[in-house]
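The values are calculated or read from the model by the stated rules, or taken from the named source; none is laboratory data. This is a predicted model, so every value here is computed, not measured. Virtual Cβ from ideal backbone geometry, glycine too; neighbours counted across all protein chains shown.
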Amino acid sequence: MMDLNQLTAHELLNKLKAKEISPESISESLYARIHKVDPKIKAYVRNKGQQEAPLKSQPNGLLKDVPITIKDNICTEGLSTECCSKILEGFHPPYDATVISKLKNSGAQIFSLKANMDEFAFGSSTENSYFGATANPWNLGHVPGGSSGGSAAAVAADEAIWALGSDTGGSIRQPASFCGVVGLKPTYGRVSRFGLIAFASSLDQIGPITKDVEDAAILAGIISGYDPKDSTSINKDVPDYTKSLNGDIKGLKIGIPKEYFVQGMDPEVKSIIEEAINKLKSLGADSKQVSLPHTEYAVPVYYIIATAEASSNLARFDGVQYGYRAKSDNLIDMYKQTRAEGFGEEAKRRILLGTFALSHGYYDAYYLRALKVRTLIKQDFDRVFGDFDCIVTPTCPTAAFKIGEKTQDPLKMYLSDIYTISVNLAGIPAISIPCGFTKAGLPIGLQIMAKPFDEEMLFRVAHAFEQSTDWHKVKPKL
Ligand code: GLN
């Protein structure tokens, strides 16, 4: 018999409906697991503001009494939300992000401990957290990926039923891939960003990190939809995503971009992905090589646009309105000292880079040019989606790397996002699902991309693959 913390949300919902279990028994089993494994994994943030709390009674709804873990950059009323940064120390938002209100309205329990992350979501390894790094449940010497590493590690280690992360350049899909779980980055505008502490506003999306595709479809259905509080949210009906879980992918046209299978890719990853593509073919899909010729520009374009937007979004943290304030007897020094003491190294690096890219005399050469290339990247996808239903690639060029392996070389770290970033630049949806393990026992993720607002396609293909494999059922030994 499996412990409750090991189950998926849809399994728990069935048991709750049948009155086989009580809501208290779910949180007891989660806390027992957390006490046992989290001292090693550190998926949850533990500081003064974050405490284990009893369940609150929630309204009746689709997710009644199922607990959900939230990344530390999504505002939760009365619960500490610090973006894993010293500069937001002690910040308890007076309001809920729209995704949190939607979850509460559906009866879900917002877990009172928040998930660890790279400070302000800047990173690919969760090593940039003010609270210290999270470890990968499959091998504690390796990173869980980032920036939603806490969310992904908690789900993989059964310390969470499911979780929300945010994805600006891969921060849901890459940790999902490294931890062997499912991660969805929805279409830009599909999920409200109201209450998500902004990193790069034209790229950020909130999305699910789950143990299987069905849970991802359920959760995406709950959090999606138009929100007048987010001017970039799109007014478009939200389909019932669980209807796409019909397993039928016969005759689907899958594009395999040749630019994703070049140097830098681990040969082991390559053969696992090729096997996964063969599996999809054996289920009736057709695959053909396609070209996304501007792929090589994705990383530089992203690191100009994302840092430019970040430098502007982070200007609000000055010691006056939120969180940490340095002691000083004059205002200007207080601003300077607060920012000097409150931001970590990577945040400072990005503020400098972004401010430079936006500055007079360099704006045209960097920021404006990056915007133009972003359009070319988007057009590559438009062209391919004219003829194909979806695109399949690896989520990452390698399995999870070692803790400390890339911290001294930011460029190397940035390159680990090479397969996830274009999706954010183009605004399209993509999902990462488990598709195998390396010989060393680390999980590998398969990425599926679709047209804007065609999340249904992702769920359809992902579910068909998942149902014909067992990768999602394998659990780390802890
Ligand atoms: N790893 C990428 C970065 O460092 C993406 C982060 C994210 O998606 N939040 O910017």
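Just a few scattered comments:
- Test result for Ala198, over 10 Å from the mean Cα position of the chain (by Cα), within 12 Å of the ligand (Cβ to nearest atom) and farther than 20 Å from Lys40 by Cα: yes
- Listing of helices (runs of 4 or more DSSP H) fully contained in the range 149-257 that carry 3 or more residues being at pLDDT 95 or above and over 18 Å from Asp72 (Cβ atoms): 173-179, 213-223
- Selection status of Ser201, polar (S, T, N, Q), out of contact with any strand residue (DSSP E or B) (no Cβ under 8 Å at 6 or more places or on another chain) and either in contact (Cβ under 8 Å) with a residue 24 or more places away in the chain or under 22 Å from Thr393 (Cα atoms) (or both): yes
- Among the residues making up the range 115-150, those that are more than 12 Å from the ligand (Cβ to nearest atom), under 16 Å from Ile70 (Cβ atoms) and either small (Gly, Ala, Ser) or crowded, with 24+ Cβ neighbours inside 10 Å (or both) are Ala115, Asn116, Ser129, Thr134, Gly150.
- Taken over the range 86-121, the residue count meeting the criterion of being among the hydroxyl-bearing types (Ser, Thr, Tyr), within 19 Å of Ala198 (Cβ to Cβ) and over 18 Å from the mean Cα position of the chain (by Cα) is 2.
- The set of residues in the range 410-463 being charged (D, E, K, R) and either in contact with a Ser or Thr (Cβ under 9 Å, 6 or more places away or on another chain) or within 14 Å of the ligand (Cβ to nearest atom) (or both) consists of Lys412, Asp417, Lys451, Asp454, Glu455, Glu456, Arg460.
- For the range 215-242, filtering for residues that are among the charged types (D, E, K, R) and closer than 16 Å to Asp454 by Cα leaves 3.
- Odd one out for Val461, checked against (1) within 13 Å of Ile272 (Cβ to Cβ); (2) assigned to a helix (DSSP H, G or I): (1)
- Listed here are the helices (runs of 4 or more DSSP H) enclosed by the range 298-372 that have at least 2 residues being crowded, with 17+ Cβ neighbours inside 10 Å and within 15 Å of the ligand (Cβ to nearest atom): 298-313, 345-358.
- A count restricted to the range 413-454 and to residues that are part of a helix (DSSP H, G or I) and either within 17 Å of Gly165 (Cα to Cα) or touching a Cys at 6+ places or on another chain (Cβ under 8 Å) (or both) stands at 3.
- Residues being at pLDDT 85 or above and under 21 Å from the mean Cα position of the chain (by Cα) - total across the range 35-62: 6
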